[in-house]
Amino acid sequence: MSTPSTDQTANAQVAADLSAFVTASPSSYHATAAAAERFDAAGFTRLDERQPWTLEVGHGYYVIRDGAIIAWMAPTGRIDAAEADSTANGSTASAVPPFRVFGSHTDSPAFKLKPGDEFVAEGVRQFGVEIYGGPLLNSWLDRELALAGRLSLADGSVVLAHTPAIARIPQLAIHLDRQVNEGLTLDKQRHTTPIVGLADLAEADVLEILAASAGVDPELIVGHDVYTIPAQEPALFGAADEFFASPRLDNLLSVHAGVTAMTSLDAEALDAVALFAGFDHEEVGSNSRSGASGPFLSDVTERIVAALFPEANRSDYLAALAASVCVSSDAGHAAHPNYPERHDPHVRPRLGAGPLLKLNAQQRYATDAVGTATWARACAAAGVEYQDFVSNNSVPCGSTIGPLTATRMGMTTVDVGPALYSMHSAREMCAISDVVALGAVAKTFLQGA
């Protein structure tokens, strides 16, 4: 038997770590908790938005807002030098350093549990769901599904819940729909209702199962944000284990890259405030207090400047933003071998050829020439090849947090991301080498090398 190459070993290690992170992150709320555990282990300090902040340079901090998380570290050397310069010049204010932001989102397409009791049809128990985001509906059929999310209790506390596999959306047999292979049409109300049990074996309903998974009394639950989750675990596959299949690669792959990069930074070598942002609700438009269209990032950056530079004014803060840059990392499309006509005929991104630089003339992506240069420098410093992505003009592309961040914050923003097949499927796939590459360039970008 041959010995695995260094690359194969590194790929397997990264795959195992990403698998653990995805498995621990069945919902955006779990993803922030999983990220928080890693920040805690790296010595970061959690802050409370409701309390005043006292910050130190060179130390890592993070704050959670619902299903979103922001972490940062201020550059020790840069700020010490700025303070020395200001003292020599007789100034009372230090120059505010810019921000290097690595942005992503914690949510993924799914089915969200509706309020109301279970109901019985044809001898089986079912529960109502509402479609969250834009899932590939057919990919959710005939899969064992768990439920995960947060439960709000009568005393105002919030707990996380994650059940075992308890549900399934069974597809109609081909014998009863002879034309199904000529075109499957799913009614979003009638055909996507999960089955959870037999009517005559109703020992516990869904809320009771959720409560048990969280260790709370079901009578105390007054609200919930709970989603269906494919129960199958992530896995490597392919002739040389070169592919990685998993739920929620869009966009936990980018969250994992950002968290891993943040926890391995050298504060002494930073040239800017390194900041990771994992927003919620990107899949439904980002219009929430924890989404990229909300105030979370601006709230945090303003408080960082106020705590570290109490003499700085609004103009100093805006000057720092003008010098800042954001890498918005979200999944993109590799050219599909079975549907080549759906892609640009000349720009053909491939699995395993490096992360994507995403461009769009309609500003569905925020990348411009200046942002491209920033990304190219980071990739070169990390020794990573990247590839361009543009859409077929007849197939409009989606969007990301990039344009939203650029609009709200006024900082240079570049949209990038890993190449996937089966985006928004219950189980997406990528090349594991692209996962390694994205993680390397994320660290290099945040470090400022």
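A compact table of results
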item	result
Condition met for residue 122 (modelled with pLDDT of 95 or more, surrounded by fewer than 23 Cβ atoms within 10 Å (Cβ to Cβ) and either of a type in the set (S, T, N, Q) or under 30 Å from residue 331 (Cβ atoms) (or both))	no
Qualifying positions in the stretch 201-232 - in contact (Cβ under 8 Å) with a residue 60 or more places away in the chain, farther than 23 Å from residue 28 by Cα and exposed (fewer than 15 other Cβ atoms within 10 Å of the Cβ)	202
Among residues of the stretch 199-223, those that are part of a helix (DSSP H, G or I) and charged (D, E, K, R), counted	3
Residue 318 being over 23 Å from the mean Cα position of the chain (by Cα) and in contact (Cβ under 8 Å) with a residue 60 or more places away in the chain	yes
Single unsatisfied condition, residue 261 versus (1) buried (at least 24 other Cβ atoms within 10 Å of the Cβ); (2) aliphatic (A, V, I, L, M); (3) touching a Leu at 6+ places or on another chain (Cβ under 6 Å)	(1)
Hey, residue 104 assigned by the TED database to the domain that holds residue 25 and under 30 Å from residue 415 (Cβ atoms) or not	yes
Considering residues of the stretch 38-55 that are without any contact (Cβ under 8 Å) to a residue 24 or more places away in the chain and not in a loop (DSSP other than H, G, I, E, B) only, the residue least open to solvent (accessible area, probe 1.4 Å)	45
Single residue of the stretch 325-371 satisfying the filter (over 22 Å from residue 435 (Cβ atoms) and among the charged types (D, E, K, R)) that is least open to solvent (accessible area, probe 1.4 Å)	344
Meets criteria (buried (at least 23 other Cβ atoms within 10 Å of the Cβ), of a type in the set (A, V, I, L, M), modelled with pLDDT of 80 or more and more than 20 Å from residue 27 (Cβ to Cβ)) for residue 101	yes
Selection count, the stretch 264-301, where residues are at positive phi and open to solvent by 10 Å² or more (accessible area, probe 1.4 Å)	2
Residue list for the stretch 302-331, restricted to those being within 27 Å of residue 280 (Cβ to Cβ) and basic (Lys, Arg)	303
Sole exception among (1) touching a residue at least 60 places away in the same chain (Cβ under 8 Å); (2) under 26 Å from residue 67 (Cα atoms); (3) crowded, with 16+ Cβ neighbours inside 10 Å for residue 159, by number	(1)
Hey, residue 10 of a type in the set (A, V, I, L, M) and modelled with pLDDT under 95 or not	yes
Among the candidates 110, 154, 148, 167, residue that is surrounded by 15 or more Cβ atoms within 10 Å (Cβ to Cβ), under 30 Å from residue 34 (Cα atoms) and over 21 Å from the mean Cα position of the chain (by Cα)	167
Residue in the stretch 406-428 that is surrounded by 17 or more Cβ atoms within 10 Å (Cβ to Cβ), touching a strand residue (DSSP E or B) at 6+ places or on another chain (Cβ under 8 Å), of a type in the set (D, E, K, R) and more than 25 Å from residue 294 (Cα to Cα) present	yes
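Conditions tested, residue by residue: (1) under 20 Å from residue 23 (Cα atoms); (2) at pLDDT below 95.
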{"site": "253", "(1), (2)": "yes, no"}
{"site": "258", "(1), (2)": "yes, no"}
{"site": "262", "(1), (2)": "no, no"}
{"site": "268", "(1), (2)": "no, yes"}
{"site": "272", "(1), (2)": "no, no"}
{"site": "276", "(1), (2)": "no, no"}
{"site": "283", "(1), (2)": "yes, no"}
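Conditions (1) in contact (Cβ under 8 Å) with a residue 60 or more places away in the chain; (2) over 17 Å from the mean Cα position of the chain (by Cα); (3) more than 24 Å from residue 373 (Cα to Cα), marked per residue:
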{"position": "389", "(1), (2), (3)": "no, yes, no"}
{"position": "403", "(1), (2), (3)": "no, no, no"}
{"position": "407", "(1), (2), (3)": "no, yes, no"}
{"position": "415", "(1), (2), (3)": "yes, no, no"}
{"position": "422", "(1), (2), (3)": "yes, no, yes"}
{"position": "425", "(1), (2), (3)": "yes, no, yes"}
{"position": "428", "(1), (2), (3)": "yes, no, yes"}
{"position": "431", "(1), (2), (3)": "yes, yes, yes"}
{"position": "447", "(1), (2), (3)": "yes, yes, no"}
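Quick grid of which residues meet (1) on the phi < 0 side of the Ramachandran plot; (2) touching an Asp or Glu at 6+ places or on another chain (Cβ under 9 Å); (3) modelled with pLDDT of 95 or more:
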{"residue": "94", "(1), (2), (3)": "yes, yes, no"}
{"residue": "130", "(1), (2), (3)": "yes, no, yes"}
{"residue": "142", "(1), (2), (3)": "no, no, yes"}
{"residue": "183", "(1), (2), (3)": "no, no, no"}
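The values are calculated or read from the model by the stated rules, or taken from the named source; none is laboratory data. The structure displayed is predicted, hence computed values, not measured ones. No Cβ is skipped: glycine too gets one built from the backbone with ideal geometry, and neighbour counts run over all protein chains shown. Heavy atoms of the whole protein, side chains included, go into the accessibility calculation; ligands, DNA and RNA do not. Shrake-Rupley method; radii C 1.70, N 1.55, O 1.52, S 1.80 Å.
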